[in-house]
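Colleague: After the structure tokens below, expect a handful of questions from me.
The values are calculated or read from the model by the stated rules, or taken from the named source; none is laboratory data. These numbers were taken from a predicted model, which means no experiment stands behind them. Reconstructed Cβ throughout: ideal geometry from the backbone, glycine too, with neighbour counts over all protein chains shown. Side chains are part of the model used for accessible areas, which takes the heavy atoms of the whole protein and leaves out ligands, DNA and RNA. Shrake-Rupley method; radii C 1.70, N 1.55, O 1.52, S 1.80 Å.
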Amino acid sequence: MAGVLDGLKVVELGYGLSTAQVGQLFGDFGAEVIAIEPPGGALARREPGFLFLARGKKSIVLDLEDAADVEVARSLMAQADIVVTQERGSHLQAWCLDADSITALNPRLIYTRLTAFGTEGHLADVKTDEAMVAAKVGVNTAFAVVTDRPGPTWSNTPWASWSGSQAALQGIFAALRDRESTGAGQQLEVSIAHALGGQDPFNQNNAALEIMFPGAFAGGGEQYDAAGAPHLSFPFKLLVAITKDGYWMQFSGVQPRHFRDFMVASGLEWMYSDERWGEFVQVATDTVTIPASADSAMRLEFWGILHDVVKSKTLAEWQQLFVEFPNVFAEIFRRGTDLLHHPQLEVEGQLTTLTDPEHGAVLQPGPLVRLSENPAQLSASAPALNEHDAELRARAASVTPKPQPAIAAPATLPLEGITILELGMFFAAPYGSTILTDLGARVIKLEVLEGDPMRTQQAFPEAGSMKVLQGKESVALDLSSPKAKEIVARIAKDVDLVMCSFRAGAADRMGLGFEGLKAMNPKIMYLHCPGFGILPPQGAAPAYAPVISAGAGISMRNVGFLIPEGVPATHELTRKYAKKLSAGGMTGAAQPDGVAAFAVGTALAMGAYLQAIGVQGQEMLTTMLHSCAHLQGEAMVEFEGRWPETGTDQEILGASAVQRLYETSDGWLSISVTTQPEWEDLKGLLGTALDDERFITSSLRQEHDGALIEALSKAFMALTAADWESKALAVGVPLLEVNSERPELIFLGPIAEEHGWTARIISPIVGEMPRLSPFQKFSRSKTQALPGNTIGQHTAKVLTEIGYSDEEIAAFAEQKLVILG
């Protein structure tokens, strides 16, 4: 059976991680994907996850310093529907493989370029590389808390590459949908640094509010006081603790009722009525910021009580309690590829095994998006290097590319005319539809009368929700009312897509499930996007970013080697390791909520395109857990003879001497030299410091890695970080100064302004303020940057559109059925 994207041709030029992730999704659903690799093969072939990222693709090796091979590349690209690359602009222009040159040969082409920082500003031609982005937008600094040494840490999770690939996929599907009506292709550019800014749920917004309203978050300050006691309630509600038999667990008691049930299940309910503890427990767990009046010693003591109660039971005993108390749940901190054996991925059918000619059976994640009626067709493993050389050279030779006349087409929003009905809360799924409002999609957000909980996550009015609600229309209803179901039915009758992230069964109980809505609207694409899935055992489990980070193995991937085996002997050590595990899985800069949201945006954009080509309405599925499996694609495979993926050293300073953080006379540098030409440029920059026979070739450098670290460490101490960056930029060496600012300030600061990452909006709550600009830049199509909303702001507007009179709407408000903002 042909895949739903059968007939599309995709060319990957350069084979970076973001490029590979884009091509993988198209290949999984039937598109032909051609990977143009350099002599010697793509660097990704060194990673075991290459067998996952390259499945089903075709490989051809082309030396782009050779004019004949450049012509082969030009021909293949000119025959494609989509080209995706993360090569530097200067290289593409030198090869005449840049967007202008190739789209002139094929005006229907969607030419997609992923950059590090964008195509404007002094960082425009920096190598599109995770390490470069992590250094400049504060990721290295944000994750520094996981170590006991001073200075930044190396980023061991490709947060930026993932954000970039998903933003690119959303733009490509939008451009393909536009092409269905106009016949015209266009150019698309996405900065992976800019896109990474989407992963922050509210810190950027808070930073803007702090500037606008000094003292808006007074009392927030540091997460912990001088004694180590938390200022915020999250260390209690999102408790990290170890069981009697040595399993670290991440609990998920964010909602007050969930935490109360945890206290009941733990035998600690007595504390709520205790003369000493009653008021403290209520205040310290029902709020976000613990009042300054709450005694520091009591906070530490309460934390110790929680750790002790978890330590009093084995993992099996806790898992039995989760069955008895459905609102109580914790994930174990998985390691390595344990995620591939997670029971939820198994029952949801989100795993697959493909047979590789060399390595045999390869267990790996299934397709990112599951379609109920047009499932992905996975049949082939990754190609051998240059496996398709003869076939593809013959195809290239059969066509001589010539300039074609441009296709006149209007400059419109590429998703204009698409309406999404949103059934979800918080950030992990709803931000996915937020991204699509920038491309013109209309999102009608259904809210309970109390509003999305994000609205009240912080004391400053609406601070937590401003970003995730951007561009949406808020309709506030009493969803338990039969009349509300009638209203929702009228809304759903004409929407194109539904985004539902409610826990399993919740939408059906409200009459908002797929079967009911499809009966009214057969064309509907209904995306389920919960934390774990829609089936037992964990379909109804509460899922928050730290829980998913633990279950997906992200935390242990980053800091597992810093956590000793066994149960810590003291409360102090337990708190120390718990903090490391929490920090290793997420910060405000990057975390699974954002990872999942980008996957949701991709699935919705894909659904919009599928509708445009006549694909029938159906259910779709993404989950937070499975999205994090794809995030870690370079490592997330199992097969006999599997070799270790590239990791980091014990100090979390880097993966090798040439992919590492180095201290300078006044700060830190990040370097990512991965090719021989880059090495030669680095030698030119540093001069005689690297004149050593042990460093001549890549294999020799690997063999003498310690000596090379010593040589580079000594050399980099000679100048300031800013001086080294300036010199490196002048000669194209991938080396940047590590920014020590908070990421949220960076995304609002000079770098963001210079590279076009910000836009100004008029918020209905606080007036003019900055927000991230749209992640996609098209050569023709428009984008837009809209503000957030107040609860029920669009209720009257939407109800009028679906046929209710002013009198009826007023009566609904009087009956407290709706809120009219």
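Colleague: If I model a spin label as a point 7 Å beyond the Cα along the Cα-Cβ vector, how far apart are those points for Glu269 and Asp225 in nm?
Modeller: In this crude spin-label approximation the distance works out to 3.1 nm.
Colleague: How large is the Kirkwood hydrodynamic radius of region 678-821, in angstrom, based on all distinct alpha carbon pairs?
Modeller: After inverting the pairwise mean of 1/r, the radius is 21.2 Å.
Colleague: Region 381-442: D in µm²/s via Stokes-Einstein (Kirkwood Rh, Cα pairs, 10 °C, 1.306 mPa s)?
Modeller: Using the Kirkwood radius from Cα pairs, D works out to 95 µm²/s.
Colleague: Could I ask something else about it? If the convex hull of the alpha-carbon atoms of region 577-633 is projected onto planes in all directions, what is the mean projected area in square nanometres?
Modeller: Computed as one quarter of the Cα hull surface, the answer is 5.0 nm².
Colleague: Students often get this wrong, so check it: of Lys523/Lys816; Lys127/Lys683; Lys136/Lys467, which have C-alpha atoms separated by over 25 Å?
Modeller: Result: Lys523/Lys816 exceed 25 Å.
Colleague: Among 329-336, 479-486, 597-604, 784-791, how do they line up by average Cβ neighbours within 10 Å per residue, starting with the highest?
Modeller: Result, highest mean Cβ count within 10 Å first: 597-604, 329-336, 784-791, 479-486.
Colleague: Take every DSSP beta bridge with both residues inside the chain and express the antiparallel ones as a percent of the total, to the nearest 5.
Modeller: 45 percent
Colleague: Per 10 Å bin from zero, what fraction in whole % of the C-alpha pairs of region 366-516 is there, up to the bin with the longest pair?
Modeller: 9, 27, 25, 17, 13, 8, 2
Colleague: Then there is this: Looking at the chain from every direction and averaging, what is the projected area of its Cα convex hull in nm²?
Modeller: Spelled out: convex hull of the Cα atoms, projected over all directions, averaged, 34.2 nm².
Colleague: Which residues among region 727-754 fall inside the zone where the amide N is under 15 Å from a point 7 Å beyond the Cα of Ala94, along Cα→Cβ?
Modeller: 729-734
Colleague: Tell me, what ³J(HN,Hα) does each residue in region 399-407 have, in order and in whole Hz, if you take phi through Karplus 6.51 cos²θ - 1.76 cosθ + 1.60 with θ = phi - 60° and put x for Gly and Pro?
Modeller: Each residue's phi maps through the Karplus curve to give 10, 9, x, 9, x, 10, x, 5, 9 Hz.
Colleague: Further question on the same structure: Test of understanding: extend the Cα→C-beta vector of Asn386 to 7 Å, then name every residue of region 676-695 with backbone N under 17 Å from that spot.
Modeller: Correct set: none at all.
Colleague: I've got another one for you. So what are the radius of gyration and Dmax for the Cα set of region 1-143, in Å?
Modeller: 15.5, 49
Colleague: Can you compute the helix-only [θ] at 222 nm over the chain? Use -39500 (n - 2.57) per DSSP H run of at least 4 residues, normalise by all residues, nearest 500 deg cm²/dmol.
Modeller: Using -39500 (n - 2.57) per qualifying helix, the result is -10500 deg cm²/dmol.
Colleague: Could you tell me the largest-minus-smallest coordinate of the C-alpha atoms of region 165-264 on each of the three principal axes, in descending order and whole angstroms?
Modeller: Sorted largest first, the three principal extents are 62, 44, 25 Å.
Colleague: So how much slack lies between Ala316 and Asp666, counting 0.36 nm per residue of separation and subtracting their Cα-Cα distance, in nm?
Modeller: In short, 120.9 nm is gained.
Colleague: Still on this structure, I have one more. Keeping every protein chain present and rolling a 1.4 Å probe, give me the accessible area per residue for the chain in Å².
Modeller: Normalised by residue count, the accessible surface of the chain is 36 Å².
Colleague: For the pair Glu572/Val288, report the inter-label distance in nm, with labels modelled 7 Å from Cα in the Cβ direction.
Modeller: For Glu572 paired with Val288, the spin-label model returns 3.3 nm.
Colleague: Gain in length, Arg509 to Glu651, computed as 0.36 nm per residue apart minus the alpha-carbon separation, to one decimal in nm?
Modeller: Here the segment from Arg509 to Glu651 would lengthen by 46.1 nm.
Colleague: Take the Cβ-Cβ distance between Asp6 and Phe325 as r, set R0 to 35 Å, and report the resulting FRET efficiency rounded to the nearest 0.05.
Modeller: 0.15
Colleague: If R0 is 45 Å, what FRET efficiency do you get for Ser699 and Thr355 from their C-beta distance, rounded to 0.05?
Modeller: E(calc), rounded to 0.05, equals 0.90.
Colleague: Take the Cα atoms of region 661-739, build their convex hull, and give its volume per residue in Å³.
Modeller: That works out to 77 Å³ per residue.
Colleague: 5 Å is the cut-off here: which amide hydrogens, built 1.01 Å from N in the peptide plane, fall below it relative to Gly788, excluding neighbours closer than 5 in sequence?
Modeller: Gly471
Colleague: With the cut-off at 15 Å, report for region 232-276 the share of all Cα pairs above it, as a whole percent.
Modeller: When all Cα pairs of region 232-276 are counted, 51 percent exceed 15 Å.
Colleague: Given labels modelled 7 Å from the Cα in the Cβ direction, how far is it in nm from Glu753 to Trp643?
Modeller: Label at Glu753, label at Trp643, 4.8 nm between them.
Colleague: Summing +1 for each Lys or Arg and -1 for each Asp or Glu, what net charge is found among the other residues whose Cβ lies under 14 Å from the Cβ of Ser740?
Modeller: Within the 14 Å Cβ shell, the charges total -4.
Colleague: Okay, next question. If you average the sequence gap of Cα pairs under 8 Å that are 6 or more apart and divide by the length of region 646-712, what percent do you get for the contact order?
Modeller: Relative contact order for region 646-712 comes out at 25 percent.
Colleague: Using a Förster radius of 25 Å, what is the FRET efficiency between Arg276 and Lys244 based on their Cβ-Cβ separation? Nearest 0.05, please.
Modeller: 0.40
Colleague: Something else now. Give me the extension gain from Lys485 to Thr674: residue separation times 0.36 nm, minus the current Cα-Cα distance, reported in nm with one decimal.
Modeller: Length difference between fully extended and current span is 62.3 nm.
Colleague: If you wrap a convex hull around the alpha carbons of region 101-193, what volume per residue comes out, as a whole number of Å³?
Modeller: 96 Å³
Colleague: Enter the per residue convex hull volume of region 328-423, computed from alpha-carbon coordinates, in Å³ rounded to the nearest integer.
Modeller: Cα-based convex hull of region 328-423, divided per residue, equals 264 Å³.
Colleague: Right, next: Enumerate the calculated ³J(HN,Hα) couplings along region 361-375 in order (Karplus 6.51 cos²θ - 1.76 cosθ + 1.60, θ = phi - 60°), each rounded to whole Hz, writing x wherever the residue is Gly or Pro.
Modeller: For region 361-375, the Karplus-derived couplings read 5, 10, 7, 7, x, x, x, 4, 10, 9, 10, 6, 9, 10, x Hz, x marking Gly and Pro.
Colleague: If you average 1/r across every pair of different Cα atoms in region 273-372 and take the reciprocal, what Kirkwood value do you get, in Å?
Modeller: Computed over region 273-372, the radius equals 18.1 Å.
Colleague: Follow-up. Whose amide H sits under 5 Å from the amide H of Ser773, counting only residues 5 or more places off or on another chain, with H placed in the peptide plane?
Modeller: Amide H neighbours of Ser773: Thr758, Ala759.
Colleague: Here's another thing I want to ask about it. With every protein chain kept in the model, how would you rank Arg149, Arg701, Arg760 by accessible area, 1.4 Å probe, largest at the top?
Modeller: Arg760, Arg149, Arg701
Colleague: What helices does the chain hold that run 18 Å or longer along their axis, going by alpha-carbon atoms, with a Kyte-Doolittle average of 0.0 or more, using DSSP H for the helix calls?
Modeller: 296-311, 592-612
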